[in-house]
Amino acid sequence: MNHLLHNPLLPGFYPDPSVCRKGDDYYMVTSSFEFFPGIPIFHSRDFVHWHQIGHVLTRPSQLNLDHVKPSKGIYAATIRYCEKNQRFYVITTLVQDPPYWGNLNFYVSSEHPEGPWSDPVVISGAEGIDPTLFFDEDRVYYLGNRRPHPEIPELEDRHIWLQEIDLGKGELIGERWTLLTDGALHHAVAPEGPHMYKKDGWYYLLIAEGGTDHNHSSTIFRSRHPEGPYECNPRNPVLTHRHLPKSFPIHSTGHSDLIQLANGEWWAVLLASRPDGGDYRNLGRETFAVPVIWEEGWPLYSPDTGKVEFSYPAPRLTPKPWPEPPACDQFEENNLDYCWQLLRTPRHPIYSLNARPGFLRLYLNEDTLSGTGNPAFVGRRQQHIYFQTRTVMDFSPTANGESAGICLLLNNDYHLRLELGCWEGKMLLRLTKRFAGQDIILSQTAFNQNRIWLQVIAREQDFSFQYASEAGRWETLAAQVDGTLLSKEVAGGFTGTLIGMYASSDGHPTNDYADFDWFEYKEIMK
């Protein structure tokens, strides 16, 4: 039986992957934007099977996301292992508002990839986004990009630059070198996401360009010296699907990171998207992987076809799978599973797993999903185009506006809420669509019990919302609801859909809460 690597490697909203190796172990991180904890980190022993071992930014002292707007926050991170001091480093950008000049580039470090990670070291004078570190014998370099015209946000010109860094002090030292003032592609936007490697006496500079949509790509350059000058690969781009139709099942490929495995093989991790019922990307940008060979001093990605495929023969490493995670979280542990995310840095109690053992308790608070605060929301990524999710909830609202239930969230202006609540003195089950910042009630019905089963079934962009007063006796509240509002093509931004539990007091102080007995998410057949 052939051993295969299946794509996406990390399904769902896991963009901008970066990977490193320590011995026979591989570690990967991705962007996390406005969600907390920040920067999920994954571990593999065969480069095929990955499982999450935690997050890099887990403490409020490490990550201030207060009132960060959607698709701001933590952008592309790079993970590197330094053999000299046997430490892992993750470097990233906290993108704030206003953009560009308000960004903070920083790094954290740890002896152990599962953490704990240090508090951030902010790098003064480090402009741009998507930084990386390059370890070259006794020197360490900071590699980033900058906007030559930050006062004109609509211009996406970016220069790739390099400068030595003192990691002990977090200070840039010596001369700053501009490596590229443009990308490899004519009139391509957004040269960004630089990474540097050394092989056979050459320094290779890998970047993303073309933007993160259909024209996305990876291009590569090389030089005999880290500060340049760099020559352009005559076969650029090394990775793109820009020449394929939008209906192709994998598109927007780019933002890659190269790695040599313990057996000598080369691979690349990258981001790409799967269209979801048309030219929509509800799942966001996902992590894929492709094999790489070297020819005439340049890398060739996916050399058999030149395209990103859904499967490849796996690396010639001993398979080491992890146990499959259960589809249903029974909330019986003392800590939330790593798949769960909060919105922004928690500044007040959001949930408890101990107040009622075996239940996830959400504490209603005044922040709502429609603002930029810290609402009582605990969500996980949508990972499949066809899926079913359901839960059972105990909830007794005591004031108008209090509600709790399931939410499918892209951002504060675009989401779907299936909520039991009190409105105008009545207990109602309500489905609300928030579109372009406006709430639209799609359906509602009277419901006078305090325990309710809730279910969502999605087949591409066709969503069905159901409820029950007894287990298994489902009734439909709304069918054939259009899910395209959960895509970046409609709502904009850089994230993907999260599905989870939500509770709100709609701006009023309260001591009320909602208890969720379990939460199930699973893929279903077409």
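The values are calculated or read from the model by the stated rules, or taken from the named source; none is laboratory data. Keep in mind that what you see is a predicted model, and the values were worked out from it rather than measured. Note: ideal-geometry Cβ built from the backbone for every residue, glycine included; neighbour counts use all protein chains shown. The area values use the complete protein model at the heavy-atom level, side chains included, leaving out ligands, DNA and RNA. Shrake-Rupley method; radii C 1.70, N 1.55, O 1.52, S 1.80 Å.
If a spin label sat at a point 7 angstrom from the Cα of Lys22 along the line to its beta carbon, the backbone N atoms of segment 69-97 nearer than 14 Å would be those of 79-90. Over the C-alpha atoms of segment 312-357, the Rg to Rh ratio, Rh being the Kirkwood estimate, stands at 1.17.
Counting only residues at least eight positions apart within a chain, or on another chain, the lysines with an alpha carbon under 28 Å from that of Lys198 are Lys22, Lys84, Lys169, Lys307. Taking the Cα centre of each part, how many Å lie between segment 443-492 and segment 218-287? Each part reduced to its Cα centre gives a spacing of 36 Å. Residues Tyr141, Tyr351, ordered by accessible area of protein heavy atoms at a 1.4 angstrom probe radius and largest first, appear as Tyr351, Tyr141. Each distinct pair of alpha carbons in segment 251-361 adds a 1/r term; the inverse of their mean, the Kirkwood radius, is 18.1 Å.
Tell me the mean residue ellipticity at 222 nm calculated for the chain from its helices only (DSSP H runs of n ≥ 4, each -39500 (n - 2.57), averaged over every residue, nearest 500).
Rounded to the nearest 500, it is 0 deg cm²/dmol.
Using the Cβ-Cβ distance between His51 and Lys526 with R0 set to 22 Å, the FRET efficiency from 1/(1 + (r/R0)^6) comes to roughly 0.20. Here the Karplus curve 6.51 cos²θ - 1.76 cosθ + 1.60, taken at θ = phi - 60°, turns the phi angles of segment 492-509 into couplings of x, x, 10, 9, x, 6, 10, 10, x, 9, 9, 9, 8, 9, 6, x, 10, x Hz, with x standing for Gly and Pro. Comparing Asn103, Val90, Gly12 along the charge dipole axis of the chain, the residue lying farthest to the positive side is Gly12, per the Cβ-charge model.
Taking 0.36 nm per residue of separation and subtracting the Cα-Cα distance, what length does fully extending Leu4 through Lys199 add?
Gain on extension, Leu4 to Lys199, equals 67.4 nm.
Can you give the FRET efficiency to the nearest 0.05 for Phe310 and Lys426, using r as the Cβ-Cβ distance and R₀ = 45 Å? The value I calculate is 0.35.
Which FRET efficiency value, to the nearest 0.05, is calculated for Asn400 and Glu333 with the Förster distance at 41 angstrom and r the Cβ-Cβ distance? Plugging the Cβ-Cβ distance into 1/(1 + (r/R0)^6) gives 0.70.
Roughly speaking, to the nearest percent, how much of the chain's 1.4 Å accessible area is carbon and sulfur?
Carbon plus sulfur share of accessible area: 47 percent.
For the Cα trace of the chain, dividing Rg by the Kirkwood Rh returns an Rg/Rh value of 0.98. Fully extending the segment from Thr318 to Ser469 would add 49.4 nm, taking 0.36 nm per residue of separation and subtracting the current Cα-Cα distance. To the nearest 10, the accessible area of Glu332 is 140 Å² with a 1.4 Å probe.
First check a/c for segment 87-212, with a ≥ b ≥ c the square roots of the eigenvalues of its C-alpha gyration tensor; if it is under 1.5, answer rounded, and if not, answer prolate when a/b is larger than b/c or oblate otherwise. It is oblate, given that a/c is not under 1.5 and a/b is not larger than b/c.
Inter-label distance, Glu231 to Asn263: 3.3 nm, where each label sits 7 Å from its Cα along the C-beta direction.
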